[in-house]
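This report refers to the structure that appears directly beneath it.
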Amino acid sequence: MIGIALLITLIIVIFADKFAPHSAFITSFKPGTFKKLLIGLSLAGSLSLAYGVYYQMTYQPPILIAETETKKHLIMGNIGELGYYADNGIQINQPVTLHLVCWEKLDQSELAINILYPSGDAQTWKTSLTPVHENFVKDYDFKGVYKLEPYSFSETGEVKLTIENVGDLTIDVEK
């Protein structure tokens, strides 16, 4: 956005020089400084625009599409640390089975998950971990995929899950 604004400013200055060369703006430049302004605006605009394009092309959203032989899973969360996926969308007051995807091995059979809702209400969800053995098409370096017991979230919005001794996740609960 900044790169485009700088290039538009450059075009306006060039048009001012072309169509109003005796204006107060153009004549106020000392000899050689107008050329330096044009070069500076050109470089700054081009570099800003190039960086913006590079950023858009290399941006990695916090999701991972992991394919098994039969289906695709959209893994969200902290990719490379702790993620999750659900077979269906996560909706308010509808039981959902979450799957935890871990890049570190969990040696627990049960978890206590602290749930913090957008309203500030907090709950604790005690659930068991069931290892899931998926045959992923690629090696995503997962150390474990675990199925949690079904749970119904009571509020919509961004719900923060704090899993003791494991990490934090933020999930989006829809209506």
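Annotations
- Residue in segment 111-127 that is of a type outside the set (Ser, Thr, Tyr), loosely packed, with under 14 Cβ neighbours inside 10 Å and within 25 Å of residue 66 (Cα to Cα) present: no
- Strands (runs of 3 or more DSSP E) enclosed by segment 69-108 - at least 1 residues per element that are in contact with a Phe, Trp or Tyr (Cβ under 6 Å, 6 or more places away or on another chain) and in contact (Cβ under 8 Å) with a residue 40 or more places away in the chain: 72-78, 98-102
- Selection count where residues are under 19 Å from residue 149 (Cβ atoms), of a type outside the set (Gly, Ala, Ser) and either at pLDDT 90 or above or in contact with a Gly (Cβ under 7 Å, 6 or more places away or on another chain) (or both), scope segment 75-89: 3
- Within segment 31-68, considering residues that are among the aromatic types (Phe, Trp, Tyr) and at pLDDT below 90, the one surrounded by the most Cβ atoms within 10 Å (Cβ to Cβ): 55
- Selection count where residues are without any contact (Cβ under 8 Å) to a residue 60 or more places away in the chain, within 24 Å of the chain's Cα centre (by Cα) and surrounded by 14 or more Cβ atoms within 10 Å (Cβ to Cβ), scope segment 148-160: 3
- Neighbours by Cβ (under 7 Å, 6+ apart or cross-chain): first from segment 1-30, without any contact (Cβ under 8 Å) to a residue 60 or more places away in the chain and surrounded by 11 or more Cβ atoms within 10 Å (Cβ to Cβ); second of a type in the set (Asp, Glu) and in a helix (DSSP H, G or I): 26/17
The values are calculated or read from the model by the stated rules, or taken from the named source; none is laboratory data. These numbers come from a predicted model, not from an experiment. Don't worry about glycine lacking a Cβ; one is built from the backbone with ideal geometry, like all the others, and counts go over all protein chains shown.
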